[in-house]
Amino acid sequence: MSYSGISIREALDKINAPNGGWYLPQVQRQYVWGARHESETYICLLLDSLLKRYPIGGIVLWETAQKVPYRRFIGDYTSGQYAKQVDEGLWGAAKSLVYDGQQRLQTLYSVLRNRFNDLVLHFDLLFDQKNAEADETGFHFRYSGSAAEPRYLRMTELSILPCNDDEKIALEDRVLPAAAGNRDVERLIRRNLNALWDIFVETEHKSIAYFSVRADTPKEVNEVFRRLNTGGVALTQLELVLGKIKAVHSDYEEKLWTLAETIERKSGIKFSSTAVLQFFHLLIKNTIRIDEDRLESADIRAFQNALQNDTEPLVEVFSGYLRGLLSINHASIVPRWLAVLPLAAYLTVRKRKGHEWRIRALSAPELQQIHQYFLLSQFCDWNTQTMVNAFAREAIASAEGGQWFPLAKIRQIAVEKNRTGDLHEYQLLSQPWLATKVSMPHRSYVFHENKPQVDHIFPVNLDGADEAYQQAVDVLWNFQPMPAEVNNYKRARHPREFFQSDDGSKYWASYDLIPLADPRSWTQSDASQWNDHLTFIAFRKQRMLDELARLYGLSLTKPVVAQTAGAVAA
């Protein structure tokens, strides 16, 4: 066995081909380049490396006609899209499964034959490498609906052209007008076009090295893959565990996606399929610290059972509790997601043991324990792996006996792990989105690009305001969940004037925990409550803290005031 060479065109023609084509083994992880930060930059550099005839690493293939599950490469890539498993009736077809090189091949297939996030890869034929910086390339992504320009060559068009002189001459005739008659620019265009043609149309230059393994089982190819996979994006322990599960239950990942989609549809909160798998690992192995070497055959059966039987309580945490009771509708509001897992484990074991597990059916005292755990875990940062594992053990033990959520024991563990067990004002101030939300659980945020829209009741940019004023009002006690257009509408208006005006008074009912007198019937005394921003903020702070106590039984711990020597002597 040795490496062979293949051209870009030949490789693209093999991807998803019906007879002996290249596909993805089901045990492979999903495509991650598409989700990478600045993924377009990575892609352009990959194409530029090919154009400069740099090596881009080898491909490892398993050639087999064994009946094993596999997936097709994605065509048009969009963020969050996954490669789907082919029908079981095709599993025994002759094929080559890509064990190493998926990320590169998927990228090439998406940008040379399809679209990438509704963008089309182009090459700027006026790009001059001699005058470019080190990481500059002639490749650019443009929106699929952009008007055609001779200087920008669509790579999806180039990569499917027949390889003959007539096609090349016709292409030159179409793009040379970009030179506007300048002979030097014409030569630059021809030089770029020739280089592109040699790599992406011709088949003589074998840009990709591939290594084929012929075997009856994936054991040998797995060993080759493990030994070669020392570079690139290393597989995580979670991905390795998922690969072992998929080797037995080929559609397991698809079912995880479906569960994650159900959670998001019912709650508006995105909780990834990998996070779901981590929760199952906590149930099965009593830890969120994942170690592939500790996974046994019985564990794989347990993962399958968890996906079949333990999904309802997890969905209940999101749809019944976070969205249902607290109106939390976006993942960014909750900063400590690991700390939510013991709560999900608690409800799951209650259901297994035949105890009531639905949030709205729990008694008020039971629910208050859950509220306090959730809020303290978020504000006090009870979120380390060690803590979450210990919390889950206590929660599961209580759930087995149908007991209340063990807040006291969990709080003690947190204190032993050098976390505070009490609520302090600075903790609320450090998480203003969540603090504002839980003080007004009947309100929902409107989000824009993962940021909740919040109105400052006393506007930050009030006319004539100084820096001290701006700092004083930019605090959670002055926040109200409100669509941005309202904030923009009143951004420079004093709230006293705004609420008493005809156009502003209609918004009065949209604000919470403020002086209650209807602004249309304000007396002079009523209006005076709005004269001073500091007076208003102090008033609203107390109202918000009162709500935390009323709704959840939580109060701030008062700071300890150090005594002076004189006071002690007295």
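Taken together, the values in this text are just the output of simple stated rules run on the coordinates, not laboratory data. Owing to the predicted nature of the structure, the values given are computational and were not obtained by experimental measurement. Methodologically, a virtual Cβ is constructed for each residue, glycine included, from the backbone with ideal geometry; neighbour enumeration extends over all protein chains shown.
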Item to check | Label-point separation in nm, I160 to T420, each point 7 Å along Cα→Cβ | outcome: 6.2
Checklist entry - Which FRET efficiency value, to the nearest 0.05, do you get for R183 and S4 by plugging their Cβ-Cβ distance into 1/(1 + (r/R0)^6) with R0 = 51 Å? => result 0.75
Checklist entry - Taking every DSSP beta bridge that has both residues in the chain, what percent is antiparallel when rounded to the nearest 5? => result 70
Next on the checklist: Test of understanding: what is the full-extension gain from K206 to D291, defined as 0.36 nm times their sequence separation minus their Cα-Cα distance?
Outcome noted: 26.6 nm
Checklist outcome for this item: Highest mean packing first, using Cβ neighbours within 10 angstrom, the peptides 448-460, 114-126 sort as 114-126, 448-460
Next on the checklist: Compute the angle between helix 385-400 and the longest alpha-carbon principal axis of the chain, please, reported from 0 to 90 degrees and rounded to the nearest 10.
Outcome noted: 70
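As an exercise, use a Förster radius of 41 Å and the Cβ-Cβ distance of R190 and T41 to find the FRET efficiency, rounded to the nearest 0.05.
Numbers: r = 28 Å, r/R0 = 0.67.
The formula returns an efficiency of 0.90 here.
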Checklist outcome for this item: Given a Förster distance of 25 Å, the FRET efficiency implied by the Cβ-Cβ spacing of N131 and K52, rounded to the nearest 0.05, works out to 0.95
Item to check | Theoretical gain in end-to-end length, T217 to S528 [0.36 nm per residue, Cα-Cα removed] | outcome: 103.8 nm
Item to check | Highest average packing first - 8-15, 128-135, Cβ atoms within 10 Å | outcome: 8-15, 128-135
Item to check | Sequence-distant lysines (8 or more away, or on other chains) whose Cα lies within less than 30 Å of K84 | outcome: K14, K67, K95, K206, K219, K244, K246, K255, K266, K270, K285
Checklist entry - In terms of Cα to Cα distance under 23 Å, which lysines are near enough to K130, apart from those fewer than 8 places away along the same chain? => result K52
Checklist entry - Per the Kirkwood definition applied to all pairs of different Cα atoms, how many angstroms is the hydrodynamic radius of region 235-339? => result 14.2
Checklist outcome for this item: Rg/Rh of region 509-559 (Cα atoms, Kirkwood Rh), to two decimals, equals 1.06
Checklist entry - What is the dipole size for the chain, taken about its Cα centre, with +1 at each Lys and Arg Cβ and -1 at each Asp and Glu Cβ, in debye to the nearest 20? => result 1440
Checklist entry - Under 18 Å from the Cα of K353, which aspartates and glutamates turn up, not counting those fewer than eight places away in the same chain? => result D310, E312, E316, E366, E394, E400
Item to check | Segment K84-Y469, extension gain: residue separation times 0.36 nm, minus the distance between their alpha carbons | outcome: 133.0 nm
Checklist entry - For region 1-159, what is the convex hull (Cα atoms) projected area averaged across all directions, in square nanometres? => result 10.4
Checklist entry - The list (1) 30.5, 104; (2) 34.7, 119; (3) 23.3, 70 gives values of Rg and Dmax of the Cα atoms in Å, and only one came from this structure; which label was calculated from it? => result (1)
Next on the checklist: Students often check this: by mean Cβ neighbours within 10 Å, which of 62-73, 463-474 ranks highest, and how do the rest follow?
Outcome noted: 62-73, 463-474
Item to check | Rounded tilt (10° steps) of 533-552 against the dominant C-alpha axis of the chain | outcome: 80
Checklist entry - How far is helix 252-267 tilted, in degrees, relative to the longest principal axis of the Cα atoms in the chain, given as a value from 0 to 90 rounded to the nearest 10? => result 40
